[in-house]
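> Please see the structure below; I have some questions.
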Amino acid sequence: MNKRIVKALTIGLCTVMLVPNIVLAKEFKDVKKNGPYGWAYSYIDELSDKGIIEGYPNGNYEPDKAVSFEEVHQLIKGIINPTRDEINKAVEKYGSDIEKSGVASWAKEAIAISIDRSIITTDTLKEAKQNGFLSKGVKEKDLVYPNRNTIAVYYARALKLSAKGDESLLKHTDKDDIPISTRGYLASLVKENIFSPTGSDGKFEGKRYIRRSEMAKITKLSYDYAKSESLNTQTLTATGKVVLATTLNNLDTVIIEKDSKRSQFRVNASTTYKINGQAATFKDIKPEQEVKITYVTGTDSTVTGIAKTVEVINSAKNLIGYVTNTHITGFTAKYRTNDSSVDTTKADMFNTTDNAMFTLANGAKIYELGYEIKPEKLSFDELVEFKTDSSGKVTEAVAYPKTGSVTGYITKINSATSTTKSNIVLRLADGKEYTFYENQTSNFSSIFTDLRIGQNVTFTTNYKIAVRTNQNQSQNIETGRVINVRPRYSYENQVTPDLEVVIRTANKDLTLYTDKNTGLKVATGGYLSLNQNTLYNQYVRAEVNGNYIRAIEIIDPKASFDAVAQVISVKNDNAFGGALYNTIYTVRIIESNNPYLKLGSEKEISIGTSNTLNRLAVIRMMGTVDQNGDIGNGANVQFLRNENYELTPASSYTNNNVPVLNFN
């Protein structure tokens, strides 16, 4: 019974390409299983069933007819089986060149694919036109056919075989006549059993055209090779974030995720890897990397496909997690991507997605609450925000202990909104700014209420939560006159010395120290280098952390004051929560050496619990005052004595007939 089929994707070896009724090999009158071309029967039969070759409408196959340039590329198109998208892109890219060259319309797609796959070039196409290889407008008797040398090169390139194959495999007696440009390709084809090592009658006969019967065999063997190497399987592309790169059931596997959908790919010895355009290995593929995978589908239904290439397209990552272990060169953490969905404004631990060991890159540092630490000093469950480079190594990390203490200079205080919690921004010892959030479990309105920008403050912390203040913040600012400065060498072979600075405040002399991080600020703005000459006998305001000066400001003498005041009223404010509170005092100025601090004026000052004063207590104050008479933060207070009546401003308050203040 005659079989008649219509195939959507057929590749013919005749110029009549759009014949709807295709005669199958079993019907070809000139190709019989037991006839002179019986050796080619099975190849022709199978390829015709696959729609890769076809016969002529008269029922013949014409096995001795030569194969044209355009027909060769139609066959190659059938072997490599490009996707429709690849075909369309190739035609769009090279269509104009193909039209100018006069390629037959039925071969346009095949030629475009061959150019796109670097099997031929546009220059090849121009030469083909000039030398009469293209059929459009040319009589059949005048058509020039490609020879075996040329076809071997085209097929080898289509199969991605080496141009430098082992020429010792070539046993042809006319080997020396084969062009050098063909030999390597031909050797690679021989190695894969696509071409014979001896050829017909021991010769390759490279200058002879190739017959349709021969081409059927070469095409069938090439098709089988392409299938075994997944060359003629549709190549697909997938992108996503690596979830896992490991060995499952003794097979290397990469699992990626995109839009909550996971895909699993097998990799093998043929899979290639790239990171930032550089060759890589399977071991370089790590969770959280963004990858593009080209793959082909296979018979294994448990995986999405077999990966041909795995390219890391964005491996630098911002990560966040909790430390589970440490070592000299890094740490292990359970972690996830640090994106907007991570909530670090509360003490509760967030969910993580992965666990891995990370190594520090060269020069990478870890900072914990403003101070550099070694990785082995990290604590279990410590919160760590870190970045990784293209190789997965940590380039920088910032750690927040589960329970810690942080001291810093206030640069911002942000009130709560409908979408954000109240927070405070501190500049820490490393010079960087860090944000800490209010303790939402506090029974009081806000622990930030009476804090001011420019103050130094110390908090007990729970990760990035400011739980409570540890001390009266005004104690971190000291105001007075520098009465002594001398160099101090903190470590052996130190070239530029630190300084020991003695500041006389209202109630004591403080011995403080500078270090390499201390900045000197002048009234005109900016910071200068510290030395003995610039500080001695100057009025200063110092930001102090323990015994160390973080910043010291030289004050305009006109802005400093030394005054006597009397407490008029006392108010306690439990704004900080816990056992700590501030006491707000209204004081009346009795004596002053600064005209901006007017006698009889009343001012509010804040003093911690350790300096509790009674109403009518007389105190001495030293600090800074602006032209409006407002006292600056950090005024020093010295208790003089309690009184039982309100003093009259401008009266001379004396103790044993000695003036309270000596303004000389």
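> Pairs under 8 Å by beta carbon, first residue within 11 Å of Leu170 (Cα to Cα) in the range 180-199, partner of a type in the set (Phe, Trp, Tyr) and in a loop (DSSP other than H, G, I, E, B), six or more apart or different chains?
These pairs meet every condition: Leu186/Phe195; Leu186/Phe204; Leu189/Phe195.
> Evaluate the range 440-460: report whether one residue or more is in contact (Cβ under 8 Å) with a residue 60 or more places away in the chain, outside any loop (DSSP other than H, G, I, E, B) and closer than 30 Å to Gln289 by Cβ.
Taking the range 440-460 and keeping what is in contact (Cβ under 8 Å) with a residue 60 or more places away in the chain, we get 440, 442-447, 449-450, 452, 454-456.
Applying the additional criterion that residues be outside any loop (DSSP other than H, G, I, E, B) yields 456.
Pick out the ones that are also closer than 30 Å to Gln289 by Cβ and you get none.
The answer is no, given that none of the residues of the range 440-460 is in contact (Cβ under 8 Å) with a residue 60 or more places away in the chain, outside any loop (DSSP other than H, G, I, E, B) and closer than 30 Å to Gln289 by Cβ.
> Sticking with this one: Considering the range 75-103 alone, what residues qualify as being surrounded by fewer than 15 Cβ atoms within 10 Å (Cβ to Cβ) and hydroxyl-bearing (Ser, Thr, Tyr)?
Matches in the range 75-103: Thr83, Ser96.
> Quick test for you: out of Leu640, Leu613, Leu530, pick the one residue that is modelled with pLDDT of 80 or more, outside the structural domain of Leu426 (by TED's automatic domain parsing) and outside any strand (DSSP E or B).
Leu613
> Ala110 - would you say it is touching a Leu at 6+ places or on another chain (Cβ under 9 Å) and more than 28 Å from Pro36 (Cβ to Cβ)?
Details: touching a Leu at 6+ places or on another chain (Cβ under 9 Å): yes; more than 28 Å from Pro36 (Cβ to Cβ): yes.
Answer is yes for this residue.
> Kindly establish whether Gly35 is of a type in the set (Gly, Ala, Ser), in a loop (DSSP other than H, G, I, E, B), within 22 Å of Glu214 (Cβ to Cβ) and at pLDDT 85 or above. First the steps, then the outcome.
Numbers: of a type in the set (Gly, Ala, Ser): yes; in a loop (DSSP other than H, G, I, E, B): yes; within 22 Å of Glu214 (Cβ to Cβ): yes; at pLDDT 85 or above: yes.
Yes, satisfied.
> Just one of the numbered conditions (1) without any contact (Cβ under 8 Å) to a residue 12 or more places away in the chain; (2) on the phi > 0 side of the Ramachandran plot is not true of Glu92; which one?
(2)
> Looking only at the range 579-604, count how many residues are in a strand (DSSP E or B) and modelled with pLDDT under 85.
Our first condition is that a residue be in a strand (DSSP E or B); within the range 579-604, this holds for 582-592, 602-604.
Cutting the leftovers down to modelled with pLDDT under 85 gives us 582-584.
Qualifying residue count, the range 579-604: 3.
> Spot the failing condition for Asn60; the list is (1) of a type outside the set (Ser, Thr, Tyr); (2) surrounded by 21 or more Cβ atoms within 10 Å (Cβ to Cβ); (3) outside any helix (DSSP H, G or I), and only one is missed.
(2)
> Going through the range 139-148 one residue at a time, which ones are crowded, with 20+ Cβ neighbours inside 10 Å and either without any contact (Cβ under 8 Å) to a residue 12 or more places away in the chain or out of contact with any Phe, Trp or Tyr (no Cβ under 8 Å at 6 or more places or on another chain) (or both)? Lay out the reasoning, then the answer.
Of the range 139-148, the ones crowded, with 20+ Cβ neighbours inside 10 Å are 146, 148.
Scanning the range 139-148 gives no hits.
> I would also like to ask the following. For the range 261-281, which positions are over 17 Å from Ser390 (Cβ atoms) and either β-branched (Val, Ile, Thr) or assigned to a loop (DSSP other than H, G, I, E, B) (or both)? First the steps, then the outcome.
To start, the set of residues in the range 261-281 that are over 17 Å from Ser390 (Cβ atoms) comprises 261-271.
Listed by number, the residues that qualify are Val267, Asn268, Ala269, Ser270, Thr271.
> Any idea which of (1) part of a helix (DSSP H, G or I); (2) over 25 Å from Val296 (Cα atoms) is the one Lys93 doesn't satisfy?
Going through the list (1) part of a helix (DSSP H, G or I); (2) over 25 Å from Val296 (Cα atoms), Lys93 breaks only (2).
> Let me ask something else about it. Restricting attention to the range 335-351, which residues are of a type in the set (D, E, K, R) and in contact (Cβ under 8 Å) with a residue 60 or more places away in the chain? It would help to see each step written out before you state the result.
Filtering the range 335-351 down to residues of a type in the set (D, E, K, R) leaves 336, 339, 343, 346, 348.
Scanning the range 335-351 gives a single hit, Lys346.
> Determine, yes or no, whether Lys292 is part of a loop (DSSP other than H, G, I, E, B), out of contact with any Pro (no Cβ under 7 Å at 6 or more places or on another chain) and among the basic types (Lys, Arg).
Numbers: part of a loop (DSSP other than H, G, I, E, B): no; out of contact with any Pro (no Cβ under 7 Å at 6 or more places or on another chain): yes; among the basic types (Lys, Arg): yes.
Considered against the rule, which asks whether it is part of a loop (DSSP other than H, G, I, E, B), out of contact with any Pro (no Cβ under 7 Å at 6 or more places or on another chain) and among the basic types (Lys, Arg), Lys292 comes out as no.
> Looking at the range 618-642, I want the residues that are on the phi > 0 side of the Ramachandran plot and of a type outside the set (A, V, I, L, M) and have a partner that is in a loop (DSSP other than H, G, I, E, B) and surrounded by fewer than 17 Cβ atoms within 10 Å (Cβ to Cβ) with Cβ atoms under 7 Å, at least 6 apart or on another chain. Which pairs are those?
Hits for this filter: Gly629/Lys598; Gly629/Ser601.
> Moving on. Inside the range 96-126, can you point out the residues that are in a loop (DSSP other than H, G, I, E, B) and either free of Cβ contacts under 8 Å to residues at least 60 places away in the same chain or not assigned by TED's automatic domain parsing to the domain that holds Leu161 (or both)? Walk me through how you get there before you give the answer.
Within the range 96-126, the first condition is being in a loop (DSSP other than H, G, I, E, B), and the residues that meet it are 102-104, 117-121.
Those that are in a loop (DSSP other than H, G, I, E, B) and either free of Cβ contacts under 8 Å to residues at least 60 places away in the same chain or not assigned by TED's automatic domain parsing to the domain that holds Leu161 (or both): Gly102, Val103, Arg117, Ser118, Ile119, Ile120, Thr121.
> Condition first: in a loop (DSSP other than H, G, I, E, B) and either in contact with a Gly (Cβ under 6 Å, 6 or more places away or on another chain) or surrounded by fewer than 21 Cβ atoms within 10 Å (Cβ to Cβ) (or both). Now tell me which residues in the range 200-231 satisfy that.
Restricting attention to the range 200-231, the residues satisfying the condition of being in a loop (DSSP other than H, G, I, E, B) are 201-202, 204-208, 210, 229-231.
Matches in the range 200-231: Asp201, Gly202, Glu205, Lys207, Arg208, Ile210, Glu229, Ser230, Leu231.
> Here is a further query. I'd like the full set of residues that are loosely packed, with under 14 Cβ neighbours inside 10 Å and under 27 Å from Leu426 (Cβ atoms), limited to the range 329-362.
Selection gives Asp339, Ser340, Ser341, Asp343, Asp348, Met349.
> If you don't mind, there's one more thing I want to ask. Report yes if some residue within the range 408-416 is part of a loop (DSSP other than H, G, I, E, B), surrounded by 17 or more Cβ atoms within 10 Å (Cβ to Cβ) and not assigned by TED's automatic domain parsing to the domain that holds Gly370; otherwise report no.
Of all residues in the range 408-416, those part of a loop (DSSP other than H, G, I, E, B) come to 415-416.
With surrounded by 17 or more Cβ atoms within 10 Å (Cβ to Cβ) added as a condition, the list becomes none.
Scanning the range 408-416, I find no residue that is part of a loop (DSSP other than H, G, I, E, B), surrounded by 17 or more Cβ atoms within 10 Å (Cβ to Cβ) and not assigned by TED's automatic domain parsing to the domain that holds Gly370, so the answer is no.
> Separate question: Quick one: would you say Lys136 is of a type in the set (Lys, Arg), surrounded by fewer than 18 Cβ atoms within 10 Å (Cβ to Cβ) and touching a helix residue (DSSP H, G or I) at 6+ places or on another chain (Cβ under 7 Å)? Break it down stepwise before answering.
Values: of a type in the set (Lys, Arg): yes; surrounded by fewer than 18 Cβ atoms within 10 Å (Cβ to Cβ): yes; touching a helix residue (DSSP H, G or I) at 6+ places or on another chain (Cβ under 7 Å): no.
When the stated conditions are applied, Lys136 does not pass them.
> Restricting the search to the range 182-199, which residues are within 20 Å of Gly78 (Cβ to Cβ) and assigned to a loop (DSSP other than H, G, I, E, B)?
Across the range 182-199, the qualifying residues are Glu192, Asn193, Ile194, Phe195.
> Which condition breaks for Ile119 when tested against (1) within 24 Å of Gly137 (Cα to Cα); (2) of a type outside the set (Gly, Ala, Ser); (3) at pLDDT 95 or above?
Going through the list (1) within 24 Å of Gly137 (Cα to Cα); (2) of a type outside the set (Gly, Ala, Ser); (3) at pLDDT 95 or above, Ile119 breaks only (1).
> State which residue is modelled with the lowest pLDDT when the search covers only the range 363-390 and only residues that are of a type in the set (D, E, K, R) and closer than 20 Å to Val425 by Cβ. Step through it out loud before you land on a result.
Residues of the range 363-390 of a type in the set (D, E, K, R): 365, 368, 372, 374, 376-377, 381-382, 385, 387, 389.
Retained after the next criterion (residues that are closer than 20 Å to Val425 by Cβ): 368, 385.
Details: Glu368: 93, Glu385: 96.
In this case the residue turns out to be Glu368.
The values are calculated or read from the model by the stated rules, or taken from the named source; none is laboratory data. All values reported here derive from a predicted model rather than from experimental measurement. Cβ sites come from the backbone with ideal geometry, for glycine too, and all protein chains shown count toward neighbours.
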